[in-house]
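Engineer: My structure is below; once you've seen it, I'll send some questions.
What follows draws every value from the coordinates through simple rules; no lab data is involved. Nothing here was measured: the structure is a model prediction, and the numbers come from that model. Don't worry about glycine lacking a Cβ; one is built from the backbone with ideal geometry, like all the others, and counts go over all protein chains shown.
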Amino acid sequence: MPIHDDEQFERYLKEFHPLAPAAVPAEKRRHSPLLRMIALAAAAAVVLGVVVLSISYRPDRTHLPHDAAHESGSEQLVNTQPLTIRAANALLATAPSFEAAVEEIAFPAKAIPLPKGEHSAIAELGKEKTKL
Amino acid sequence: MQPRSNSAEVDLLYRRHGRVLLLFALAITGDRSRAQDAVHQVFLRLLERGNLSQVADMKAYLFASVRNAILNDTKVQQRNVVLDEESAWFDPPHRDYAAELNLRRALRGLPEDQREVIVLHLWGEFTFLQIAEILEISSNTAASRYRYGLARLREAMCVKENSCANPR
């Protein structure tokens, strides 16, 4: 039976329910620009952290392994501490003269540990009494 | 990072309006995948937004956004819209798939501007004033498009005997 009344026809049409769309893809949600920016910022922070750590924990190149120093047979400067104003002031206060203090700062006299049974040649020569 | 409440609100909007938005997009594009893409695009943009409270009429905003997304896409593609005959648009009453096909064909036979208004008023339950705002036309134009569209739809659907089921 044909429908002649508009309202009746509208009611009939409303009985047809539109189909549901597919869900918004999760992968598209994950890759939203905002999240991408956050991920990039986090990655940049990690890289920066690694760089800073690698610089601050770089091994002191003035240190040489004991065996290497011993095998070379030559004297090596073992500069374990950096020169600070405090250390320089202390040297100036205790040194017999200004020149001695400057010399000590420039060429610090560090005791190089020698293996047991070996003696420093300079120390041995210093013990000798020479007649001039 | 987007607030959790925004995501929940968007999910709710999707469940509430997703069906009619897809139908509206189908009525414009005629192509299911393009229609779905347009709806998804709008909701993904909503998810990216931090705050939805600035939008006064969210439902009208959604429909206008979907329409704009489709129109922008159509401008890019520069092609004529051909309505897809294969995919269903409706879940018919009492699984009457012949009636669904009949309705879909009748809707397809309407001019696009009448089809838009029919979908928005009948299934979207918008007033002619709201439709006027969404489509950027006057409310009188919206109302007259609806009247003409409905008359043509009824004519197309009921041209054969018993092609319009009895309303229950």
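Engineer: With label points built 7 Å along Cα→Cβ from the Cα atoms of B:S87 and A:D5, find their separation and express it in nm.
Structural biologist: Going by the 7 Å Cα→Cβ label model, 3.7 nm.
Engineer: While we're here: According to a simple spin-label model (label point 7 Å from Cα along Cα-to-Cβ), what is the distance in nm between A:A42 and B:L101?
Structural biologist: 5.2 nm
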